[in-house]
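Notes follow the structure.
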C-alpha cells in the first residue's frame, strides 16, 4: 500500500496550518512524525482521515484520491488510533475491538460469531487476549492503547495512523506500544505515528519525518536525518546526540544550559 | 466474560417480566376495584366467548378509562427512556435527557399557545407536537452552520432554543386570562396522564413507535458513535447521518409524548442510568432494557399519582420527586462512573 501526499495545504479559517506538504510512504515501515505543537501533525492526520474537508492538493491512497473513497472504503484502507482516552461508557474490551468491523457490516447489522473471532485473533496478535473481558475504561493507558491497536487490526486497514500513542504512558508502556507498532510494520503495515520523543524515532522507526510550520522539513532514516542541528532548531533547546558503541544506536540527551542553539539562547 | 453476558441477558429477561407484571397490576389499581380474576376474564372475553358474570361498569373502567391510560403511561415512559438513552450515546454524555434539543420546551410552547388561543383538545396536542418538531428542526439547521464542532453546536443551540421557547411560554402566561387560561396552561405544563383518552393513544402511539424503529435498528452503531465523532468516522461510520437519524427518532418520540401528557421530566435521564447499571453499556441490550424499565417506571409512578390522594397529583411533579433524589444517590454512589 502507498500513501502519497502532494502539495497539501489547509487553513483553519484564515490561519494556514499546512503549507504545501508533500511526501510518499510505502508499507512495511514505521514512521515517526516529529514536530512542535502546532507544526501541523494532527492537521495532517485529520486531512488524510477525511475529518477535515476543503484542503488543497492531493492525497492519494493506493493511487486513488482520498475524496473518491466513501467513509466505509476509507475505513478499510486507513485505521486511526486516537490518543488513549476514557470512553464515557464502559464497554468490555472484546466489544470495543469488535467495533472495528463496522465498515464491513451492513447498516443495521451487528457483529456475530465471525466478527468475535476476528476480534479475538487481533487481541492474540497483540498478545492481550487476557484483557478481553475487562472493561476498557478501567484499563491502564498502555493497555487501552494496545486495545485500540487491536481494534485497528480488526478493521483490516493496512495503514495505521496514530496520534501520539505514547503520550501519557509510563516508560515501560511506551516501549511496549512501540515494540508492537514496530512488529506490525514488519508484518507489512504502514504505521505512521506522531511523537514528541526523538528517541522513539531513533530506537524504533524506519523513517523519521520532521514537520516545521506546516511543511515537511526532512524525511529519511532517523540516524541520518535527525541531526543535532535539526533537533535544536526544532525544539529550541540544546541537545547532544551520542552513539552507543555497543549497539550502534543513537541516543539524544539535553545539552548544556545557556548554550546557544540555532538562533536562540535558552536561559532558565 | 461469557458469564457477564449471560448475567446481563438474564437481567433483561427479568426486567421484561417485571414490566408485564406492572402492566397488568396497573389495571387493578384505582378507586374502582377490579379483581385479578375479573380482569383476566374481561380481557379474554374480547377474544373468546366467555359468559358475562361481571357488571358492565367493570368493562367500561377497564377498556375506556384504564386501558388508554395504562397504554399511554407504558409507551411514554418507554419512549422517553429510550430516547434519553439514545441521546446519551450520541452526545457522549450521560447527563443528557431527551429534551436537550428543545423538543419538550418547543412542545410546551405549542401547547401554551394552543390553550391561549382556545384550540380544542386535539388542536392543542397537534400544536404541541408541531412546535416540538419545529424547535428541534431549528436547532438542527442552526447547528449545521457551526464550523468544526457539530455536537457542541447542537447542544448549545438546543439550550438557546429551549430558553427562547420557555420565555415565550412565560409571556403567554403573563398575558393569559388569570381566571381560566392561566391555570389550564400551568396545569398542563406540570404533566399529567389523568385526561388521557383513546384518541390520545391513537394520536401519539404511532409517532412514538415510528420514532423507536430507526434508533433500534441502528443500536449497535450508537456504541461506536458514543466514542466520539472522529473515532467513529475513522471506522467507516457516516456520523452526520447516523446522528440525524437518532435525533429524528428521539424528537418524534419526545414531541409526541409531551403533546399528550405535558412535561414529564427525569424519566429520560434517570431510567437509562438504572438500565446501564443492570445490563451494561452495550446499546444492543441497553435500549430494550431502557424501554421496559421506563415503561414500568412510569406505570408505577402513575399508579401512585392516582392513588396517593383523592385529587390526582400531576405525574411530572412525582417523577421529579422520585428522579432527583435517585439521581443524587447515583452521583454519590457511582460519581466516577457517571
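Values quoted throughout were computed directly from the atomic coordinates according to the rules given, and no laboratory measurement underlies them. Just so you know, these numbers come straight off a predicted model, no measurement behind them. Virtual Cβ from ideal backbone geometry, glycine too; neighbours counted across all protein chains shown.
In deg cm²/dmol, rounded to 500, what helix-only [θ] at 222 nm does chain A give when every DSSP H run of at least 4 residues adds -39500 (n - 2.57) and the total is split over its residues? Working shown, then result.
Values: 9 runs with 84 residues, N = 268.
Dividing the helical sum by the residues of chain A leaves -9000 deg cm²/dmol.
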- Message: Would region B:98-215 count as rounded, prolate or oblate if I go by the C-alpha gyration tensor, calling it rounded below 1.5 in a/c and otherwise prolate when a/b exceeds b/c, oblate otherwise?
- Response: oblate
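Compute the relative contact order of region A:2-226 as a whole-number percentage, counting only Cα pairs closer than 8 Å that sit 6 or more residues apart in sequence.
About 31 percent, as a whole number.
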- Item | Residues of region A:195-222 with amide N under 11 Å of the 7 Å Cα→Cβ point at residue A:36 | A:212-214
- Message: Testing the spin-label approximation: label points 7 Å from Cα along Cα→Cβ at residue A:22 and residue B:149. State their distance in nm.
- Response: 3.7
- Query: Given springs between every Cα pair under 10 Å in a Gaussian network model of chain A, which of A:44, A:131, A:190 has the largest fluctuation?
  - Reply: A:131
- Task: Mind computing the radius of gyration and Dmax over the alpha-carbon atoms of region A:2-50? Å is fine for both.
- Result: 11.4, 37
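Counting other beta carbons within 10 Å of each residue's own, what order do B:241, B:285, B:197 fall into, fewest first? Could the numbers behind the result be given before it?
Working: B:241 12, B:285 21, B:197 15.
Least crowded to most crowded, the residues run B:241, B:197, B:285.
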- Note on the structure: Extend 7 Å from the Cα of residue B:37 along its Cα-to-C-beta direction; within region B:49-86, residues with backbone N under 16 Å of that point are B:51-55
- Item | Over region A:133-268, relative contact order from alpha-carbon pairs under 8 Å, at least 6 apart, % | 15
- Message: Can you tell me the orientation of helix A:141-154 relative to chain A, as the angle in degrees between its alpha-carbon axis and the longest Cα principal axis, to the nearest 10?
- Response: 60
- Message: Using a 7 Å offset from the Cα along the Cα-to-Cβ direction at both residue B:6 and residue B:141, what is the distance between the two label points in nm, to one decimal?
- Response: 5.5
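Shape of the protein assembly as shown from its Cα gyration tensor (a ≥ b ≥ c, root eigenvalues): rounded if a/c is under 1.5, otherwise prolate when a/b > b/c, or oblate? Walk me through the numbers on the way to the answer.
On the way: a/c = 2.86, a/b = 2.13, b/c = 1.34.
It is prolate, given that a/c is not under 1.5 and a/b is the larger ratio.
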- So residue A:156 and residue A:196, fully extended at 0.36 nm per residue minus their Cα-Cα distance, gain in nm 11.6 nm
- Query: When the Cα centres of region B:177-247 and region A:180-245 are compared, how far apart do they sit, in Å?
  - Reply: 51
- Message: Compute the helix-to-body angle for A:113-126: its Cα long axis versus the longest principal axis of chain A, expressed 0 to 90° and rounded to tens.
- Response: 30
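For A:196, A:206, what's the fewest-to-most ordering of other Cβ within 10 Å of each Cβ? Numbers along the way, then the final one.
On the way: A:196 14, A:206 18.
Least to most surrounded, the residues fall as A:196, A:206.
Run through the DSSP bridge list for the protein assembly as shown and note the antiparallel percent, rounded to the nearest 5. Write out the running numbers ahead of the final one.
On the way: 28 of 46 bridges.
In the protein assembly as shown, approximately 60 percent of DSSP beta bridges are antiparallel ones.
Over region A:39-112, calculate the relative contact order: mean separation of alpha carbon pairs under 8 Å at least 6 apart, over the residue count, as a percent. Please report the intermediate quantities before stating the final value.
On the way: 27 pairs, mean separation 15.5, N = 74.
Once normalised by length, the contact order is 21 percent.
Averaging over every viewing direction, what projected area does the convex hull of the Cα atoms of chain B cover, in nm²?
On the way: hull surface 77.7 nm².
Mean shadow area of the hull around the Cα atoms is 19.4 nm².
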- Task: Sticking with the crude label model, points 7 Å out along Cα→Cβ, report the distance from residue B:177 to residue A:11 in nm, one decimal please.
- Result: 6.2
- Message: Rounded, prolate or oblate, given the Cα gyration tensor of region A:130-205, with a/c below 1.5 counting as rounded?
- Response: oblate
- For chain A, take the alpha-carbon Rg, divide it by the Kirkwood Rh, and send me Rg/Rh. 0.99
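Rounded to the nearest 5, what % of the DSSP beta bridges within region A:2-226 are antiparallel ones? Write down the numbers at each step before the final one.
Values: 21 of 39 bridges.
Given both bridge residues lie in region A:2-226, the antiparallel proportion sits at roughly 55 percent.
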